[in-house]
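The values are calculated or read from the model by the stated rules, or taken from the named source; none is laboratory data. Please read these numbers as outputs of a predicted model, since none were measured by experiment. All Cβ positions, even for glycine, are placed from backbone atoms using ideal geometry, and neighbour counts span all protein chains on display. Accessible surface areas use protein heavy atoms only, side chains included; no ligands, DNA or RNA. Shrake-Rupley method; radii C 1.70, N 1.55, O 1.52, S 1.80 Å.
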Amino acid sequence: MLSVVYPWIKALHVISVIAWMAGLLYLPRLFVNHVESAPPGSELSDVFKGMERRLLKRIMNPAMIASWVFGVLLFATPGIASIHAGWMVVKLVMVLGLTGYHMWLARCVREFASDSNHLSSRRFRVMNEVPAVLMVVIVIMVIVRPF
Ligand code: HEM
């Protein structure tokens with residue numbers, strides 16, 4: 001059965017990871033602007049809090065869950081991928097890294113919401129590079145399969 005719907009599952013997997021990546025790359029930018037232009041308690045800070053919460057809850061969380069569900073379904077499709085393949089192991093480690101990064105962003109959203117963020121905009125700029133690097137490694141692993 002999985003083999004029959006395989007192309008659809010793979011399409012839905014790629015759609016989900018694109019939405020997830022968009023959020024992982026955009027949310028830290030909101031944090032940079034939040035720190036630099038909206039002091040705690042200001043009206044603009046409330047606007048940023050709403051944008052951050054909606055991006056996380058309505059786009060990033062569902063997209064992350066969908067990426068995992070369709071990814072695991074692909075993994076379970078006979079003949080598609082094996083845990084003994086080096087590329088799949090490296091990919092899964094990088095994806096766990098992306099998932100951990102997502103959890104860190106979720107904690108930052110909560111800290112901004114309670115006006116208890118202590119991180120600088122410079123820190124968010126630096127951390128913004130992490131998902132981009134992980135994504136490059138993931139896509140090379142799954143498409144090129146170097147080992
Ligand atoms: C969340 C956990 C994930 C799992 C379990 C997973 C697993 C898989 C598996 C088993 C395949 C099928 C490979 C094939 O068709 O031969 C696949 C395809 C793919 N994955 Fe993932 N993946 C995950 C997350 C991601 C992420 C985060 C990205 C990108 C940032 C990504 C990008 C891709 C791409 C581009 C393909 C299509 C490759 C092709 O056309 O051959 N995946 N994934």
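Among the residues of segment 62-101, the ones that are more than 11 Å from the ligand (Cβ to nearest atom) and outside any helix (DSSP H, G or I) come to 2 in all. All of Ile138, Ile59 fail the test of being more than 9 Å from the ligand (Cβ to nearest atom), at pLDDT 95 or above and over 19 Å from Asn33 (Cα atoms), apart from Ile59. Considering only residues in segment 1-44 that are within 15 Å of the ligand (Cβ to nearest atom), free of Cβ contacts under 8 Å to residues at least 60 places away in the same chain and more than 18 Å from the chain's Cα centre (by Cα), the one that is least open to solvent (accessible area, probe 1.4 Å) turns out to be Val5.
Restricting the search to segment 97-129, which residues are open to solvent by 70 Å² or more (accessible area, probe 1.4 Å) and farther than 22 Å from Pro62 by Cα?
Pass one, segment 97-129, residues open to solvent by 70 Å² or more (accessible area, probe 1.4 Å): 103, 107, 110, 114-115, 118, 122-123, 125-126, 129.
Ser114, Asp115, His118, Arg122, Arg123, Arg125, Val126, Glu129, listed by residue number.
Looking only at segment 80-93, residues that are surrounded by 16 or more Cβ atoms within 10 Å (Cβ to Cβ) and free of Cβ contacts under 8 Å to residues at least 60 places away in the same chain come to 5 in all.
Just one of the numbered conditions (1) in a helix (DSSP H, G or I); (2) among the hydrophobic types (A, V, I, L, M, F, W, C); (3) surrounded by 14 or more Cβ atoms within 10 Å (Cβ to Cβ); (4) touching a helix residue (DSSP H, G or I) at 6+ places or on another chain (Cβ under 7 Å) is not true of Ala132; which one? Failing condition for Ala132: (3). Among the residues making up segment 45-79, those that are farther than 25 Å from Met103 by Cα and open to solvent by 50 Å² or more (accessible area, probe 1.4 Å) are Ala76, Pro78, Gly79.
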